[in-house]
Amino acid sequence: MSQCIVPSDAPALQPLIDAMRDGVAVMSQDGTIKCVNKAWRQFAIDNGGDSDSHYVGENYLLICRKSAESGDGLASQVEAGLTQLLENGSEFRIKYHCHSDTEQRWFELLASPMELDGEINVLITHRNVTSLELARIDLNDAEQNTRNLAAIVATMPDAVIAFDTDGLITSWNAAAEKLYGYDRAGMVGRSIEMLYPPEWPHSAKDYVSEIVASEIKHFDVVRQTRAGELLTIAVTAAPVRSASGEVTGVSTVHRDVTEERLAEQRLRSVLDNLFAFVGVLEPDGTLVEANRAPLEAAGIEAKDVIGKKFWDCYWWNYAPEVQKQLQQSCERAHAGEVSRYDVQIRVAGGELLWIDFQLAPLFDDDGILVNLIPSGIDISDRKAMVESLKTSHDTFQNLVAGSPFGIYTVDADFRLAHVSNGAQPVFENVRPLIGRDFADALRVIWPEPFVSEAIGLFRHTLETGEPYHAPSTIERRQDSNEVESYDWKIERITMPDGRPGVVCNFYDLSERQRYDEHIRYLMREVNHRSKNLLTVVLSMARQTARNSPPSEFIDRFSQRLYSLSGSQDLIVQGNWGGVSVRDLVESQLRHLGEAKKANGIRLNGPDLTLTPTAAQGIGMALHELSTNAMKYGSLSTPGGTVSIDWSTTEDEKSFTIHWAETGGPQVSTPDHSGFGRTVIERMAALSVGGHVELNYAPDGLKWQLTAPIGEVALTGGAELVKIPGEN
């Protein structure tokens, strides 16, 4: 460690200067640094100085001179000050900064003469005055801020009034003079309560307590001017504290919001009396305002929803998908888009109410988004009306679609607009249909001149509104060559687009016409067959009477009538359209009893329908054969059987039915021929234009009828039209 280089006083001087906190050096008259203290040495080490000698033995004046020659103005001042001190013994003092990379520092150099060994030396002290300098800067800044604040307060457009904890006014700016009409000189020192209206419920100390508790407070009050006018004042207040933190008073800013509050009240009154639901949201979706209508509808108060995210409020939080839809709408509104849709909100009692909802962004004059504005209109009645209308429409549409009448419409452009289910068969060959030119569609279906006449009638009704009715129109279709009959009527109507159109209602009379023709045919057929039947009955009565004793006539004639009646029943059941061979055979064997039929009768043959005439003739023959078998033939003894077979030839030109008895008594040719044999041989053959082979074989009777197929079987040409509705 460097030591003082002066001889006699060094031992006593070094400890003395080492005890000093400031950096200290002793300089001789020629400028040589004779010794330094501990603080000097440490400063040299910490700041990149001479860490070996710490400048002891160096010429301080020479160092300053060299730095001055390099442009260091401080070094020049120090050299001059030290030189003057050595000449006349006067102290030298100068302040300078020595900032580091990490902090700002200020020092003061103090040079004083001192005598050592009879010579004048200089005690140089470098004192760190950073804290003092920073305090001085802060004080200057505070003074400047105070001056600036005073200037701001003095020129503020709002009234600034300060008062102490007792309510005595300490500050009153020009805006306060203008607002209340009192000069500053007359107000400082007076109570702030002189501005309160008569019987105002709060004192100045009440406000001081509240303001101190909340640090800063915003509230509206009513204050009275010098002229006696009552104003609504928006007050912003904050406590004033001393340097020690003690509250010494209150500073307030007063702004006249009388007109603004009246406007807000009028707006609030308008909003609260609106039937619509209206609110105000922060840009992030927080609800800050809502009018009376949605609150009353939901049975809630403003405090229940204000400050919440809009989608979390009572109206929306009944369904996550509804909340999500609203949240997405808020995001779009935040981006500048307007959303509008119908949605259900929850109201009192948990019921759901349909509203026409809109969410729109609100921008200020600079285009900055300030709020989101939700609004909604109750459309429950409209929804119910639309639903009712839809139901009525669907009901009407179903009635039209299911109606047996045909209905179709033609629009103002003369194009097919609607075709009911009942009308579809008429237009079955018109494709495409809806939107098709009506004249073109009609020309596909109907020939001239009818089609041109119909088109003209439709155009006339469309143009004039004059209806037209055709009770019976019979025409042959061009597309199918079918003859059809219609009762049709056309009228002008107003179409959904508001323009006129034509509706055609028609009823297809074709089926009715065919039905009438069928009835007439049946009547002719009944008349013809009745005559034939009476002839057969008369002949049957004569032959039965001729070949039967009087005691047997009734029984035998009745049985033959029952047989004829059975065939006739089958003919009628078939609508005079024919009788199945199997049905005919079974009906004529019914009088044998179920046991005989089950054990003694075998039937075999294809499905074949006989004409009514063939059914009568063959039926009577089967009755006679079965009666004879019961009395004299195979069915008269146990174990006897009858086989009945029928068939057609391969070329389907002839029909054969065969009766064969086995297992009965021995058979021989009868001595005389009665009515039964006449029926079996002659009447059956005559009824179908065929011939009969009758063989009285000993082992059993054999009978066979052969006839042309055209005389026996019912073909398409002979088939009668089926009566609608009958089985």
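No value in this document is a laboratory result; all are computed from the given coordinates. The shown structure was predicted, so the numbers you read here are calculated from the model rather than taken from an experiment. Every residue, glycine among them, receives a Cβ derived from its backbone with ideal geometry; neighbour counts consider all protein chains shown.
Highest-first packing order for the peptide set 344-352, 123-131 is 123-131, 344-352, based on the mean count of other beta carbon atoms within 10 Å. Here the relative contact order of region 10-133, from alpha carbon pairs under 8 Å that lie six or more residues apart, stands at 22 percent.
Loop-located GluC sites (Glu not before Pro) across region 633-697 with a Cβ neighbour count of 12 or fewer within 10 Å are Glu650, Glu652, with loop assigned by DSSP. FRET efficiency for the Ile474 to Arg677 pair, using the beta carbon distance and R₀ = 51 Å, is estimated at 0.40. Note on region 276-383: percent of Cα-Cα distances in each 5 Å bin, starting at 0 and stopping at the bin with the largest distance, equals 2, 13, 24, 27, 20, 9, 4, 1, 0.
Compared with the alpha-carbon gap, the fully stretched path from Thr130 to Met156 is longer by 5.6 nm at 0.36 nm per residue.
Applying the criteria of a DSSP loop state and at most 14 other Cβ atoms within 10 Å to the GluC sites (Glu not before Pro) of region 291-340 yields Glu301, Glu337.
Kirkwood-type hydrodynamic radius, region 156-260: 13.8 Å, calculated from all non-identical alpha-carbon pairs.
Taking 0.36 nm per residue of separation and subtracting the Cα-Cα distance, full extension of the segment from Ser191 to Ile379 would add 61.8 nm. About its Cα centre, the dipole of region 156-260 is roughly 240 debye, where the only charges are +1 on Lys and Arg Cβ and -1 on Asp and Glu Cβ.
Fewest-first ordering of His99, His254, His591 by other beta carbons within 10 Å of each residue's beta carbon gives His99, His591, His254.
In summary, the aspartates and glutamates within cross-link reach of Lys653, defined as a Cα separation below 17 angstrom excluding same-chain residues under 8 places away, comprise Asp607, Glu711.
Only loop residues by DSSP count here, and only those with at most 10 other Cβ atoms within 10 Å; note down the GluC sites (Glu not before Pro) in region 413-495 that meet that. Answer in residue order: Glu482. Students often forget the sequence filter, so: which aspartates and glutamates lie under 13 Å Cα-Cα from Lys309 once same-chain residues fewer than 8 apart are removed? Correct list for Lys309: Glu282, Asp284, Glu289, Glu331.
Building the convex hull from the alpha-carbon atoms of region 16-111 and averaging its projection over directions returns 6.5 nm².
Applying Stokes-Einstein at 20 °C and 1.002 mPa s to the Kirkwood radius of region 404-508, computed over alpha-carbon pairs, gives a translational diffusion coefficient of 156 µm² s⁻¹.
Were the residues from Glu650 through Ala335 laid out at 0.36 nm apart, the gain over their Cα-Cα distance would be 104.4 nm.
For region 406-483 versus region 155-233, the spacing of their alpha-carbon centroids is 91 Å.
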